[in-house]
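Worksheet for the structure shown next.
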Amino acid sequence: MTASITAPLTEKEAQLLLTLIQQGECASQPELEVFHQLGLWLFSEDKKTLIASKRLLLLRQTLNTDLDAVTAILATIPELQTAWANIVAAQLNDAATRNDVHALSEQITNLGGGAGFVFLQTQSSKSVGASLNPTDFTVLESFVFGQGAEQSASYPKLLRSLSTAAKLIDDSTKFKPELNELSPIDEGDVTSHWLAQRLIELPLITQANTKSHAKNDYHLSGLVQAPKSDLNDKQTIEWLVANPWVYLLAQIIYTQDIWRSEQVSGGLALEIEHSQIKHFMNPNAIKVVVTTNTGYEVSCGSLAELILRVLDALDVHLLTPLKHPLQIEALNAAISPVIGFMISAKVWQFIEGSSKDIPQYKTHSSFARIPTSRLGTINFARPSKHIAAAIREQAQSWANELVGLQT
């Protein structure tokens, strides 16, 4: 990465990067162009908005805080590398002078690929040398570090930012940045919803938190509205279209129903433990059981795990700083109360059966006919064929992986 700061980066640009990480989008500014080749965002159609890419989400998920991600991005700029490499060099020199082998080894290990920045700086004929003096970027550093980069409290963050920046720069030489544009979501047109590279928030039904989720034109909202009682077919479809998470859960139960109706080998079951029967409207976790085409019945894992696989297949990304194992836990918990909505709306149905039967969820008879109706075909079955296909393919491949079969 050879771009230089053509206009001074300030706290404003750092705040924009922070907003992009936290909210999935921010206003496009010329000063941010120096980071474009890192592939951390897409553009809106009007080029006025930056939308977080999968690479940015993965970057955040490897770090401890949002500001760690901002600092790593800033550290890809040569001017900041130079200033911060001088500070690191001074700290390393100090450890060497004290003959503190342990500290020296630990710091170099944490510096990782960022050691190259320090080496290049020490070899440069223009180098001003190792120094713990304040840099020319103290305002910016106060925002990302909480104090100047030369302060001891900043040093661990400084090492981490240079290490991550080195990886970002290396990766940018292997992948082309996202050049494509993402169209805005038209709330009334479901074909605009589930496009590749969309972001989707975790499900949220708590009314008290509604105000904290601003309307976003480019990613799918996590807010889930409770259904009104006694919905007719038209109202049911409108509710599904207006709430991405219930739309996706409806697609899963619809795929299950279609799969069963084919009367061929294979199938998908959504089960809960007998201990959860009293909590079927709000289960701790739903277990996904897949029957393969060869007749194996495989208990694959939780519903959240299936959903994450499906989202990945659709190239739709969960807007969260959580690492994958914690995403599963958070998604299972967030989906749980939404199951009650699916049952209240008569889209899902809970089947307890006899004491010998496994409690499970199936398509409600009131919903079964809707996808084949004119309204359902236009707004549910036809525009979401790729979603149903992804659900089925991911269920099959997941089961095959677990029994050691080739997909």
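The values are calculated or read from the model by the stated rules, or taken from the named source; none is laboratory data. Just so you know, these numbers come straight off a predicted model, no measurement behind them. Heads up, the Cβs are rebuilt from the backbone with ideal geometry, glycines too, and the neighbour counts pull from every protein chain shown. Remember, those area values only see protein heavy atoms, side chains included, never the ligands or the DNA or RNA. Shrake-Rupley method; radii C 1.70, N 1.55, O 1.52, S 1.80 Å.
Summary table
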| read-out | value |
| --- | --- |
| Options Ala153, Ala166: the member that is open to solvent by 30 Å² or more (accessible area, probe 1.4 Å), of a type in the set (A, V, I, L, M), in contact with a Phe, Trp or Tyr (Cβ under 8 Å, 6 or more places away or on another chain) and assigned to a helix (DSSP H, G or I) | Ala153 |
| Residue match in the stretch 119-131 (condition: at pLDDT 85 or above and loosely packed, with under 13 Cβ neighbours inside 10 Å) | no |
| Selection status of Ala52, at pLDDT 85 or above, surrounded by 22 or more Cβ atoms within 10 Å (Cβ to Cβ) and within 28 Å of Pro321 (Cα to Cα) | yes |
| Residue that is nearest to Ala226 (Cα to Cα), among those in the stretch 189-203 that are out of contact with any Ser or Thr (no Cβ under 8 Å at 6 or more places or on another chain) and open to solvent by 30 Å² or more (accessible area, probe 1.4 Å) | Asp189 |
| Arg55 vs. criteria part of a helix (DSSP H, G or I), of a type outside the set (S, T, N, Q) and in contact with a Pro (Cβ under 6 Å, 6 or more places away or on another chain) | no |
| Residue within the stretch 279-288 that is open to solvent by less than 30 Å² (accessible area, probe 1.4 Å), in contact with a helix residue (DSSP H, G or I) (Cβ under 9 Å, 6 or more places away or on another chain) and in contact (Cβ under 8 Å) with a residue 60 or more places away in the chain present | yes |
| Residue list for the stretch 342-357, filter: open to solvent by 40 Å² or more (accessible area, probe 1.4 Å), on the phi < 0 side of the Ramachandran plot and out of contact with any Lys or Arg (no Cβ under 9 Å at 6 or more places or on another chain) | Ser344, Glu352, Ser354, Ser355, Lys356, Asp357 |
| Count of residues meeting criterion [closer than 14 Å to Pro359 by Cβ and among the small types (Gly, Ala, Ser)] in the stretch 251-292 | 3 |
| Which listed residue, of Asp94, Asp46, is in a loop (DSSP other than H, G, I, E, B) and not aromatic (Phe, Trp, Tyr) | Asp46 |
| Candidates Glu297, Glu329, Glu262, Glu305, filtered to the one that is closer than 27 Å to Lys385 by Cα, within 24 Å of the chain's Cα centre (by Cα), open to solvent by 50 Å² or more (accessible area, probe 1.4 Å) and among the charged types (D, E, K, R) | Glu305 |
| Any helices (runs of 4 or more DSSP H) falling wholly within the stretch 314-407 and containing at least 3 residues that are under 27 Å from Leu59 (Cα atoms) | 324-344, 385-402 |
| Answer from Ile5, Ile21, Ile87 - the residue that is at pLDDT 95 or above and either assigned to a helix (DSSP H, G or I) or more than 20 Å from Leu159 (Cα to Cα) (or both) | Ile21 |
| Val316 farther than 25 Å from Glu262 by Cα and not acidic (Asp, Glu) | yes |
| Test for Ala368: is it more than 23 Å from Asn282 (Cβ to Cβ), among the hydrophobic types (A, V, I, L, M, F, W, C), open to solvent by 30 Å² or more (accessible area, probe 1.4 Å) and touching a residue at least 24 places away in the same chain (Cβ under 8 Å) | yes |
| Scope the stretch 290-313; condition free of Cβ contacts under 8 Å to residues at least 60 places away in the same chain and outside any helix (DSSP H, G or I); matching residues | Gly295, Glu297, Ser299, Ser302 |
| Failed criterion for Lys323 (all others in (1) open to solvent by 70 Å² or more (accessible area, probe 1.4 Å); (2) at pLDDT below 95 hold) | (2) |
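Yes/no per residue for (1) open to solvent by less than 30 Å² (accessible area, probe 1.4 Å); (2) touching a residue at least 60 places away in the same chain (Cβ under 8 Å); (3) in a helix (DSSP H, G or I):
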{"position": "Tyr218", "(1), (2), (3)": "yes, yes, no"}
{"position": "Gln225", "(1), (2), (3)": "no, no, no"}
{"position": "Ser229", "(1), (2), (3)": "no, yes, no"}
{"position": "Gln235", "(1), (2), (3)": "no, no, yes"}
{"position": "Leu249", "(1), (2), (3)": "yes, yes, yes"}
{"position": "Ile252", "(1), (2), (3)": "yes, yes, yes"}
{"position": "Thr255", "(1), (2), (3)": "yes, yes, yes"}
{"position": "Ile258", "(1), (2), (3)": "no, yes, yes"}
